[in-house]
1. What fraction of the Cα pairs in the chain, stated in percent, has a spacing above 31 angstrom?
2. Using the Karplus equation 6.51 cos²θ - 1.76 cosθ + 1.60 (θ = phi - 60°), what ³J(HN,Hα) coupling, rounded to whole Hz, does each residue of the range 55-63 give in order, writing x for Gly and Pro?
3. What part of the accessible area of the range 143-186, given as a whole %, is carbon or sulfur when the probe is 1.4 angstrom?
4. Using a Gaussian network model of the chain whose springs link C-alpha atoms within less than 10 Å, name the residue from 54, 176, 11 with the highest mean-square fluctuation.
5. What do you get for the angle between helix 157-167 and the principal long axis of the chain? Use alpha-carbon atoms, 0 to 90 degrees, nearest ten.
6. For the range 1-77, what relative contact order do you get, as a whole percent, if you take Cα pairs closer than 8 Å and at least 6 residues apart?
7. Quote the relative contact order of the chain in percent (integer), defining contacts as alpha-carbon pairs under 8 Å separated by 6+ residues.
8. Write down the accessible area per residue of the chain in Å², having rolled a 1.4 Å probe over the full set of protein chains.
Amino acid sequence: MKLTINNNDGNGPMDYTSSIVGGRPFRIARRLNEPVTCAVTLFSSSSLAAPARNGRMVVTDDSGVILFTGYVAMEPAFELAGQATTGAVYQSLVTAISDEILLDRLSIPQMGSIGGGSGGQAMQSMLELVDCVNIKSALSLATLDTSEFQPDSNRSWSQNAGALAAMIRSAYLLMNGTLTMTPVGNVTHSLNESQGTLSLSGLEL
């Protein structure tokens, strides 16, 4: 696994993999039609800057498959980890939210209901509402019809998108700057116990 964070300080993406604190939760939480969150604890290092708010976080597996992309949602929380020869040692608790955070920071304008087309077309209209140039779409699989959907300007973009996807029994995902939506039941995940680095002996319930 590899964890990189771009702190927007001119140094580009920095590799924080070696700073991950073992024995502390490293959790990517996926919930249907909601933004994905990633929480990790990192040791402070003299060679790496502390993760900055709005820093771009990317998590990949050993083969380079992207597991999470998003942005550090708030300033990391620091806690004392112990003492070293140079003084106190701290570790930082970092929480990131998937790419929807860019859209959720923009206001949803008042508009009429969306209908008369496919779910992909309705989601594309939702994306065009906020005009975010950093987000692309690949919605060709969302072919189910949308009878009528009324965006709510009092809710965030992701809440509206989640409601739209649920209405047509679909699941949306925004990762690596690309928005996709697939009918529920069409998504399958193949598991192979001989691949990856999962250690079953380390699981706890």
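The values are calculated or read from the model by the stated rules, or taken from the named source; none is laboratory data. Since we're looking at a predicted model, the values are computed, not measured. Using ideal geometry, Cβ is built from the backbone for each residue, glycine included, and neighbour counts are taken over all protein chains shown. Keep in mind that these areas ignore ligands, DNA and RNA; they rest on the heavy atoms of the full protein, side chains included. Shrake-Rupley method; radii C 1.70, N 1.55, O 1.52, S 1.80 Å.
1. 30
2. Ordered by residue, 3J(HN,Hα) equals x, 7, 10, 10, 10, 10, 8, 5, 9 Hz.
3. The value for the range 143-186 is 44 percent carbon and sulfur by accessible area.
4. Top of the fluctuation ranking is 11.
5. Around 60 degrees separate the two axes.
6. Reported relative contact order: 31 percent.
7. Relative contact order, the chain: 17 percent.
8. 58
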